Amino acid sequence: TSDASFITEEGIVTQPEVDGEDVDIKLTATIEYNGVERTVEFEIVVVAPLSDASKVKLAANSIAYTTLTDEDVNMITKDLVLPKKGLFDSVITWESYNTDVIANDGKVTRPDENTFVQLKATVTLNDTTYERLFSFNVLLSDLSAANNDAEAISGIPEEAEADFELPLVGSEYDSAIS
């Protein structure tokens, strides 16, 4: 062994300190048979263990927006999928800063106007926690969009003596007008 303080000749492994650097070790085996000798080298990485603080940070940072929604985060219309378990068997709890629009369980209620909402994920392992914020823009409800387009219709005369143009598309949200 190139360093018996990490791997002994008997194969006993001593890991580096928590959150320390991994250690590269070279093991050399000499094989003898009927006077013939052969040497084989093995390269082994002795992995440093992670602290709970490192684990919860890794778990929080491994949560991808694409696991929470299949929509563009700036155009949310559907409920989010908020995981309760993370890497290293960590526990994830969620807190919305606007529960009227996105509940703590990820249920989306589309508002009367486009609304920016932040969710806080708290990742816990043993007694160690790490928090991460996620931002979403929830689009206004379809009814609100239609109402806004209806209110924006202009150019309709109160009295008609000649032809005039009727709008076919809403001016704000491209609603179909018929």
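The values are calculated or read from the model by the stated rules, or taken from the named source; none is laboratory data. On a predicted model such as this, the values are computed, not experimentally measured, just so you know. Heads up, the Cβs are rebuilt from the backbone with ideal geometry, glycines too, and the neighbour counts pull from every protein chain shown. Keep in mind that these areas ignore ligands, DNA and RNA; they rest on the heavy atoms of the full protein, side chains included. Shrake-Rupley method; radii C 1.70, N 1.55, O 1.52, S 1.80 Å.
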- Got the relative contact order for the chain handy, in percent, Cα pairs under 8 Å and 6 or more residues apart? 15 percent
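Express the Stokes-Einstein translational diffusion coefficient of the stretch 72-131 in µm² s⁻¹, to the nearest whole number, given a Kirkwood radius over alpha-carbon pairs, 4 °C and a viscosity of 1.567 mPa s. Intermediate values should be presented prior to the final figure.
Numbers: Rh = 12.5 Å.
Here the translational diffusion coefficient equals 104 µm²/s.
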- What residue among A146, A103, A60 shows peak mean-square fluctuation when the chain is described by a Gaussian network model with Cα springs under 10 Å? A146
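Calculate for the chain the 222 nm mean residue ellipticity that helices alone would give, adding -39,500 (n - 2.57) per DSSP H run of length 4 or more and normalising by residue count, nearest 500 deg cm²/dmol. Before the final figure, lay out the partial values.
Numbers: 3 runs with 25 residues, N = 178.
Theoretical 222 nm ellipticity from helices: -4000 deg cm²/dmol.
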- Note on the structure: Tilt, helix 142-152 to longest principal axis of the chain (alpha-carbon atoms), in degrees rounded to tens, equals 40 degrees
- Note on the structure: Computed over the chain: longest principal axis from alpha-carbon atoms vs helix 52-61 long axis, angle to nearest 10 degrees, is 40 degrees
- Please work out the C-alpha center-to-center distance from the stretch 117-178 to the stretch 91-114 and express it in whole Å. 17 Å
- Go through the stretch 124-138 residue by residue and turn each phi into a ³J(HN,Hα) via Karplus (6.51, -1.76, 1.60, θ = phi - 60°); whole Hz please, and just put x for glycine and proline. 10, 9, 6, 9, 10, 10, 8, 10, 9, 9, 10, 10, 9, 10, 8
- Rounded to the angstrom and largest first, Cα extents along the principal axes for the stretch 49-150 equal 62, 21, 15
- Message: Rounded to the nearest 10 Å², what accessible area does T93 have for a 1.4 Å probe in the complete protein model?
- Response: 80 Å²
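Excluding F88 itself, calculate the net charge of residues whose Cβ lies under 9 Å from the Cβ of F88, where each Lys or Arg counts +1 and each Asp or Glu counts -1. Provide the component values of the computation, followed by the final result.
Numbers: positive: K55; negative: D52, D89.
Local charge sum for F88: -1.
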- Note on the structure: Rounded to the nearest 10 Å², the accessible area of S154 using a 1.4 Å probe with every protein chain kept is 90 Å²
- Message: 7 Å from Cα along Cα→Cβ at both T122 and S5: what's the point-to-point distance in nm?
- Response: 4.1 nm
- Using a simple spin-label model with points 7 Å from Cα along the Cα→Cβ vector, what separation in nm is obtained for V13 and Y33? 2.8 nm
- Solvent exposure ordering (accessible area, 1.4 Å, most first) of L133, L168, L125: L168, L133, L125
- Taking only Cα atoms and a 10 Å spring cutoff, compute GNM fluctuations for the chain and point out the largest among K55, K78, K26. K26
- the chain, Kirkwood Rh and Cα Rg, ratio Rg/Rh at 1.40
- With a bin width of 5 angstrom, please list the P(r) values of the stretch 36-109 as percents of all Cα-Cα pairs, from the 0 bin to the one holding the largest distance. 3, 13, 17, 17, 12, 9, 6, 5, 5, 4, 3, 2, 2, 1, 1, 0
- Considering the dipole of the chain built from charges on the beta carbon (Lys and Arg +1, Asp and Glu -1) around the Cα centre, which of S90, A121, S62 is farthest to its positive end? S90
- Rank E159, E17, E113 by mean-square fluctuation in a GNM of the chain with C-alpha springs under 10 angstrom and give only the top-ranked residue. E159
- Per the Cα gyration tensor, the stretch 1-58 corresponds to an equivalent ellipsoid with semi-axes, largest first in Å, of 33, 10, 7
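Just to confirm the filter: which chymotrypsin sites (Phe, Trp or Tyr not before Pro) across the stretch 101-171 are DSSP coil and have at most 15 other Cβ within 10 angstrom of their Cβ?
For chymotrypsin sites (Phe, Trp or Tyr not before Pro) across the stretch 101-171 that sit outside H, G, I, E and B with at most 15 neighbouring Cβ atoms in 10 Å, the list reads F164.
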